[in-house]
Each structure stands twice: as C-alpha cells, then as structure tokens.
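Everything below concerns the one structure shown next.
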Amino acid sequence: MISLADYPWQDVRRVALPTADEYRAEALLRAFLQAPAPWVHRLMHWRDRLVAPLGLKVAVTPLPQAGQSLVVGERYGIFRVIAASCDAVLLGEDDRHLDFRLLLCWQPGELQVITAVQPRNFGGRLYLALVTPFHHLIVAHSLPRMRARLLAPAA
C-alpha cells in the first residue's frame with residue numbers, strides 16, 4: 001500500500017490490541033479521527049492560521065459525522081483517504097513543500113501507525129524540522145486514545 005523507501009523521514013508506532021479482535025479500515029479511521037485531545041485541535045487551528053498565508057494546505061474539511069460513510073478520495077481535516085483495504089487505511093497529502101503518508105494498519109494483536117514524509121525542497125525540510133517535536137507529542141497522546149476507542153463497545 002505504501003513504499004517506505006520513497007519517504008526518508010519515518011515514524012512507526014505500535015500498540016497492542018487483543019488478538020481475538022479484528023479491526024476493519026473504517027473503524028481504524030474513525031478511531032484515528034476521534035483520538036486527538038482537544039489541545040491537538042487547538043494546536044492544529046494555530047498551525048492552519050500560521051501556514052495559510054504561505055499557501056500551504058489547511059484543514060477546511062470537517063470531520064465526519066457519526067454514521068457517515070468514509071470514502072476513498074475524501075478529505076477529513078487535513079487528511080485525504082488515499083486507499084483502504086480490509087484492515088488498513090492510507091491517508092496523506094501532496095503539497096508543494098512535502099508529501100506525507102499516514103498508514104493505519106491492524107495486524108493480529110497490534111495496531112500500527114506509520115508516518116512517512118518526503119520533503120520536496122528547503123521549505124519542506126524546514127517545516128518538517130519545526131513540526132517533528134509536535135508530531136511525536138501528538139502521536140504519543142493519540143495512540144492510546146485510538147486504542148481505547150477501538151476497544152470501546154459500539155455505542
């Protein structure tokens with residue numbers, strides 16, 4: 001679904017999930033989109049305000065409502081759904097400064113979140129250097145929340 005060789009910056013995170021359970025792509029994506037804490041949404045709001053004047057893409061698409069089907073090609077926040085299989089979702093965006101991919105993948109007993117970035121120019125490398133500490137912080141806080149949403153009984 002993604003060739004990591006094309007992306008020199010990578011971050012791979014894993015969290016254990018019960019081996020008896022199975023998680024489909026739509027459940028992974030919903031859990032991912034619902035996982036960020038409120039402070040992450042505020043941080044992304046400020047990111048959008050800072051980068052919009054520079055011509056970078058911002059999160060203009062609202063997150064899906066409960067019961068709304070998730071569609072390949074749609075954007076949810078800053079994430080466009082590039083591809084989906086039964087147990088994985090590939091999100092990403094290509095911009096003039098960098099391309100990024102985010103793979104949400106379930107394997108028996110484990111959830112993987114793989115972030116991969118290909119800077120296109122100096123601006124992309126600079127942007128990546130600035131956001132990397134925030135990326136690590138956001139993923140560290142969001143992954144356990146994503147796991148909890150996957151394990152929660154359906155409402």
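Number of residues in the stretch 74-122 that are of a type in the set (G, A, S) and out of contact with any helix residue (DSSP H, G or I) (no Cβ under 8 Å at 6 or more places or on another chain): the value is 3. The numbered conditions (1) at pLDDT below 90; (2) basic (K, R); (3) touching a strand residue (DSSP E or B) at 6+ places or on another chain (Cβ under 8 Å) are all true for R125 except (1).
Has the stretch 91-104 got any residue that is without any contact (Cβ under 8 Å) to a residue 12 or more places away in the chain, open to solvent by 50 Å² or more (accessible area, probe 1.4 Å) and at negative phi? Yes, the stretch 91-104 contains at least one residue that is without any contact (Cβ under 8 Å) to a residue 12 or more places away in the chain, open to solvent by 50 Å² or more (accessible area, probe 1.4 Å) and at negative phi. Filter the stretch 14-52 down to the residues that are closer than 15 Å to V81 by Cα and out of contact with any Lys or Arg (no Cβ under 6 Å at 6 or more places or on another chain) and list them by number. Selection gives R24, A25, E26, A27, L28, L29, R30, F32, L33.
With respect to A84, is the statement that it is within 19 Å of R145 (Cα to Cα), small (G, A, S), open to solvent by 50 Å² or more (accessible area, probe 1.4 Å) and at pLDDT below 95 true?
No: the conditions fail for A84.
The values are calculated or read from the model by the stated rules, or taken from the named source; none is laboratory data. Bear in mind the structure is a predicted one, so any value in this text is a computation, not a measurement. A quick note on method: Cβ atoms are made from the backbone with ideal geometry, for glycine too, and the neighbour counts reach across all protein chains shown. To get the accessible areas, we keep the full protein, side chains included, count just its heavy atoms, and leave off ligands, DNA and RNA. Shrake-Rupley method; radii C 1.70, N 1.55, O 1.52, S 1.80 Å.
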